[in-house]
Amino acid sequence: MMADGILLLVAFVWGATFVIVQNAVASLPPLTFNGIRFLLASVFLLLFLMLFYRPQLQQMSRKLIWSGIILGVLLFAGYAFQTIGLLYTTSSKAGFITGLSVVLVPLFSLLILKQKLKLPAVIGVSLAAVGLYFLTLGDALNVNQGDLLVFLCAISFALQIIFTGRFAPHFPSLALAFVQILTVAILSAGSAFFFEDWKATLTWSTLTLPTVYWALLVTAIPATALAFLAQTECQRFTTATRVALIFAMEPVFAAITAYIFNDEILGGRALMGCLFIFIGMILAELQAEQITAWIKKRKTSF
């Protein structure tokens, strides 16, 4: 029960970050924000590894580093699309659209891993597709660019989940996560250097804005480093399906916090879309254990 409670807290933190990030990127450009966020998270993870998991650092290898870089590129794409998308859409909608990544996993498992879809996953994907239609069209019957960017984020996250299942069984989890998060930090900072006016915005006055420094601290430590550590530890005491169902609450928490802090109210059509997506996520996530078990049994070579 304690493990489930901690994982529910992780889902709440992830859901709440949509509002926090949206408020922060109004002052600090998205890629610059991500660069600082993931640099802080990677430094924290490195210190944690050095203090408590030093043997994992000694297991660093070329294969581990390359695997971490591949995962980091996908994670970078996901967070870049999501953070930029939050400039143009609401955090509540972004939460539910991002949640589609879970629904896309069994679909990509079919395309990439040749894993057949079972009936619950087929129904889940279908319901989520209908839900996405209602949510993005909303009551105004139009699709905005923020929704499209966040949907690209969901695709990137789904691919990251697939390849994590491909690589994770072969390497120490925290070491692989460190390389992955450091890759996101480097790519975000590099992209910000070339595509954003970081010199004008990355100032002391900007960094000391409460909406910015609180967002950086919350997203870097609790929402990235600590959340990963909590998930790694707690999943030893519960089932993968149970974890998946708990994490299905993330977009719900995103909508609740958006309503409380940003006064965001979804219309009737959008609420119907959220409900379809939520049900679709649960049905799709019920396949997670089967997909994971299949990946572990599959013989792989690097």
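The values are calculated or read from the model by the stated rules, or taken from the named source; none is laboratory data. Since we're looking at a predicted model, the values are computed, not measured. Every residue, glycine as well, gets a Cβ built from its backbone with ideal geometry; the counts of neighbours run over all protein chains shown. Please note that ligands, DNA and RNA were not included when accessible areas were found on the heavy atoms of the full protein model with its side chains. Shrake-Rupley method; radii C 1.70, N 1.55, O 1.52, S 1.80 Å.
Summary table
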quantity: K118 versus Y88: modelled label distance in nm, points set 7 Å from Cα along the beta carbon direction; calculated: 3.9
quantity: Protection-proxy order for peptides 29-38, 61-70, 7-16, 201-210, each taking the mean of Cβ atoms within 10 Å per residue, highest first; calculated: 29-38, 7-16, 61-70, 201-210
quantity: Residue-wise HN-Hα coupling along segment 103-113, computed from phi with Karplus coefficients 6.51, -1.76, 1.60 (Hz; x: Gly, Pro); calculated: 6, 6, 4, x, 5, 6, 4, 5, 6, 9, 9
quantity: Contour minus Cα-Cα distance for V43 and N144 (0.36 nm per residue); calculated: 32.7 nm
quantity: Nearest-0.05 FRET efficiency for R269 and A26, computed from C-beta distance (R0 35 Å); calculated: 0.85
quantity: Accessible surface of segment 1-111, 1.4 Å probe, proportion on carbon and sulfur as whole %; calculated: 76
quantity: Residues V130 and L217, FRET efficiency given R0 of 45 Å [Cβ-Cβ distance, rounded to 0.05]; calculated: 0.70
quantity: Surface per residue (accessible, 1.4 Å probe) for segment 27-134, Å²; calculated: 45
quantity: L8-L51 pseudo-label distance in nm [points 7 Å out on the Cα-to-Cβ vector]; calculated: 2.9
